[in-house]
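The structure appears right after this line, and notes come after that.
The values are calculated or read from the model by the stated rules, or taken from the named source; none is laboratory data. All values reported here derive from a predicted model rather than from experimental measurement. Quick reminder, even Gly has a Cβ in these numbers, built from the backbone with ideal geometry, and neighbours come from all protein chains shown.
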């Protein structure tokens, strides 16, 4: 079995003119194997380093990320409410809730483009959740 593997290894590593030596072919395959093994390990080490730095310097990136999204959701709701108020002030029909939600989603998506990646469906759910927090609970 080992002989078959080494034969396949040599055949796949040699160039068509037969100019590559056994040592070169072996080095190419060893480098390929090391890269395949080292890449995930390097990613794990980078993540561990980020965690250590977060702990050491008191960084809490997830909380900052959540606060950023929450802030833009509030701004999107305020923008939609303001646009609905302006439409009413101009003598137009009242803007329905679904249209306000679309306005808010577009506002948030436009302002967070390239910063945070959220689907429009996720933004709609965040807007509804924020609005439900502001409503008084009635029995």
*Give the residue, chosen from 45, 26, 41, 8, that is over 30 Å from residue 108 (Cα atoms) and at pLDDT below 75.*
8
*Can you name the condition, by its number, that residue 65 falls short on among (1) exposed (fewer than 12 other Cβ atoms within 10 Å of the Cβ); (2) out of contact with any helix residue (DSSP H, G or I) (no Cβ under 9 Å at 6 or more places or on another chain); (3) at pLDDT below 85?*
(1)
*Name the residues in segment 21-70 that are outside any helix (DSSP H, G or I) and over 26 Å from residue 115 (Cβ atoms), would you?*
21
*Subset of segment 82-134 (residues that are more than 29 Å from residue 62 (Cα to Cα) and part of a helix (DSSP H, G or I))*: 82, 83, 84, 85, 86, 87, 88, 89, 97, 98, 99
*Going by the conditions given, is residue 50 within 18 Å of the chain's Cα centre (by Cα) and surrounded by 10 or more Cβ atoms within 10 Å (Cβ to Cβ)?*
yes
*Taking only pairs six or more apart or across chains, which ones have beta-carbon atoms under 7 Å, a first residue in segment 80-106 that is more than 17 Å from residue 127 (Cα to Cα), and a second residue that is outside any helix (DSSP H, G or I)?*
87/95; 88/94
*Condition test on residue 73, is it more than 23 Å from the chain's Cα centre (by Cα), in a helix (DSSP H, G or I) and either within 30 Å of residue 125 (Cα to Cα) or not assigned by TED's automatic domain parsing to the domain that holds residue 123 (or both)?*
no
